[in-house]
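Peer 1: Take this structure, written in structure tokens, and hold onto it; I'll ask about it next.
The values are calculated or read from the model by the stated rules, or taken from the named source; none is laboratory data. Predicted, not measured: the structure shown is a model, and the values here were computed from it. Quick reminder, even Gly has a Cβ in these numbers, built from the backbone with ideal geometry, and neighbours come from all protein chains shown.
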Amino acid sequence: MAESTPTALGAPPVAPASSSTTIRAAELLDAGGIVAFPTETVYGLGARVDRHDALARVFAVKGRPHADPLIVHVDDVSEARRLTAEWPAAADELAARWWPGPLTIVVRRLDGLDDLVCAGGDSVGIRVPAHPAARDLLRAAGAPVAAPSANRFGRISPTTASHVVDEFADRAPADRPDLVVDGGACPLGVESTVVDLTGDTPTVLRPGGLAVEDLRGVLGEVTVAERVHDGRVADGSGHQSPGGYLRHYAPGTPLVVLDGPPGTATRVVTELSARGVTAAAIAPDGADPGAFAASLYASLRAADGGSASLLVAELVDPAGLGRAVNDRLFRAAHGRLAPAGGGDAAALVDRVLELTAAHRP
């Protein structure tokens with residue numbers, strides 16, 4: 001993507017990842033700006049943790065609730081330690097094995113850390129990203145950078161610079177990133193795994209680019225948090241992990257998730273077409289959940305921007321990255337159906353149409 005220049009009302013400026021772009025981005029962050037940049041998971045919308053005004057702007061630009069904390073991106077373990085009141089031995093084990101990488105570690109926060117970063121809580125999520133453009137930016141910035149995904153709150157996360165531009169097109173300068181660093185497509189395509197080390201047992205708060213099975217191979221017992229909330233925080237306090245809202249990562253087009261054998265989504269879309277309903281299938285091409293994860297958000301965005309009035313997605317085997325894929329589909333969907341046996345396509349379509357009737361044009 002060639003470099004572009006912002007207008008008074010329009011898309012954010014974009015520049016390809018390079019040494020000069022890194023310097024420019026670091027200067028913007030130092031001045032209190034916000035910068036969208038690539039990681040190996042998704043594109044982030046970053047602000048320095050020591051700039052309260054910039055952190056507040058991140059929330060405003062995204063339309064993000066203050067109960068939803070930010071992940072702090074750092075260049076190395078020593079920088080991570082400086083943000084914490086307690087750094088357990090398990091954090092060292094995980095960092096030695098998977099940093100840089102798609103793992104966010106939640107630990108007790110330093111008292112002086114801005115409350116906006118931690119949603120007012122007593123913990124903070126930290127990770128060292130693996131993408132070279134992100135690493136270059138963190139080194140040039142000389143400070144930790146807090147960054148959620150670079151999209152409007154609740155919508156599909158961006159995995160290319162073009163996705164970021166689309167999210168903030170036709171916005172005033174104050175309501176969009178000051179710069180988008182174009183580092184190409186994100187190779188993993190889903191957010192980091194978030195593991196909480198503040199309790200007695202390590203707990204995965206969000207499945208992501210690192211498999212729960214891998215964590216168990218190092219830590220032993222690891223629990224996976226159940227999502228029992230409905231998107232609200234009843235006591236007024238913040239979540240421990242970003243991406244914790246029940247409705248998240250969502251397209252504007254109604255989406256139904258099918259828990260059935262391979263090919264169920266395609267059969268349903270074919271039956272919908274026969275009834276005059278334009279639909280698109282979101283399903284894996286093969287048995288590799290990693291490949292599906294890498295293309296998931298791009299596929300959802302393409303289908304959401306097309307002519308389909310209904311999207312039909314198919315769950316995958318929950319092992320490995322499949323857990324993260326299914327988690328994102330669950331929370332992007334308007335409903336989930338589990339067909340009995342092979343599932344009669346005609347009967348299943350009746351249920352899909354009934355489920356989405358209130359959401360379709």
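Peer 1: What residue, of Asp350, Asp304, is among the acidic types (Asp, Glu), under 14 Å from Ile156 (Cα atoms) and either touching a Ser or Thr at 6+ places or on another chain (Cβ under 7 Å) or not assigned by TED's automatic domain parsing to the domain that holds Glu40 (or both)?
Peer 2: On the way: Asp350 fails: under 14 Å from Ile156 (Cα atoms).
Residue meeting the stated conditions: Asp304.
Peer 1: In addition: Which number in (1) in the same structural domain as Pro129 (by TED's automatic domain parsing); (2) buried (at least 23 other Cβ atoms within 10 Å of the Cβ); (3) of a type outside the set (Lys, Arg) marks the one condition that Val194 misses?
Peer 2: All conditions are met except number (1).
Peer 1: While we're looking at this one, here's another question. Here are some conditions: (1) surrounded by 16 or more Cβ atoms within 10 Å (Cβ to Cβ); (2) out of contact with any Pro (no Cβ under 9 Å at 6 or more places or on another chain); (3) closer than 20 Å to His131 by Cβ. Arg97 meets all but one. Which one does it not meet?
Peer 2: The one condition Arg97 does not meet is (1).
Peer 1: Out of Gly209, Gly183, report the one residue that is of a type outside the set (A, V, I, L, M), surrounded by fewer than 24 Cβ atoms within 10 Å (Cβ to Cβ) and not assigned by TED's automatic domain parsing to the domain that holds Leu300.
Peer 2: Gly183
Peer 1: Mind checking which residues of region 154-166 are under 13 Å from Ala302 (Cα atoms) and of a type outside the set (Gly, Ala, Ser)? Reasoning before the result, please.
Peer 2: From region 154-166, those under 13 Å from Ala302 (Cα atoms) are 156-160, 162-163, 166; that's our starting set.
If the condition is that a residue be under 13 Å from Ala302 (Cα atoms) and of a type outside the set (Gly, Ala, Ser), then Ile156, Pro158, Thr159, Thr160, His163, Asp166 are the ones that fit.
Peer 1: Which residue, of Ala95, Ala130, is farther than 11 Å from Pro69 by Cα, part of a helix (DSSP H, G or I) and either in the same structural domain as Ser18 (by TED's automatic domain parsing) or not hydroxyl-bearing (Ser, Thr, Tyr) (or both)?
Peer 2: Ala95
Peer 1: How many residues are surrounded by fewer than 20 Cβ atoms within 10 Å (Cβ to Cβ) and within 18 Å of Gly46 (Cα to Cα) when one looks only at region 115-127?
Peer 2: 1
Peer 1: How about region 131-147: which of its residues are within 16 Å of Arg24 (Cβ to Cβ) and either at pLDDT below 95 or in contact with a Gly (Cβ under 6 Å, 6 or more places away or on another chain) (or both)?
Peer 2: Answer for region 131-147, where residues must be within 16 Å of Arg24 (Cβ to Cβ) and either at pLDDT below 95 or in contact with a Gly (Cβ under 6 Å, 6 or more places away or on another chain) (or both): Ala133, Val145.
Peer 1: Going through region 58-90 one residue at a time, which ones are touching a residue at least 60 places away in the same chain (Cβ under 8 Å) and either closer than 20 Å to His163 by Cα or outside the structural domain of Arg139 (by TED's automatic domain parsing) (or both)?
Peer 2: Val58, Ala60, Val61, Lys62, Gly63, Arg64
Let's see how each residue does on (1) under 24 Å from Gly209 (Cβ atoms); (2) polar (S, T, N, Q); (3) buried (at least 20 other Cβ atoms within 10 Å of the Cβ):
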residue	(1), (2), (3)
Thr22	yes, yes, yes
Glu27	no, no, no
Asp30	no, no, no
Pro38	yes, no, yes
Thr41	yes, yes, yes
Leu45	yes, no, yes
Asp50	no, no, no
Ala54	no, no, yes
Ala60	no, no, no
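Peer 1: Here is a further query. Please state which of the following conditions Val180 fails to meet, knowing it meets all the rest: (1) part of a strand (DSSP E or B); (2) among the hydrophobic types (A, V, I, L, M, F, W, C); (3) under 19 Å from Val212 (Cα atoms); (4) touching a Pro at 6+ places or on another chain (Cβ under 7 Å).
Peer 2: Evaluating Val180 over (1) part of a strand (DSSP E or B); (2) among the hydrophobic types (A, V, I, L, M, F, W, C); (3) under 19 Å from Val212 (Cα atoms); (4) touching a Pro at 6+ places or on another chain (Cβ under 7 Å) leaves (3) as the failure.
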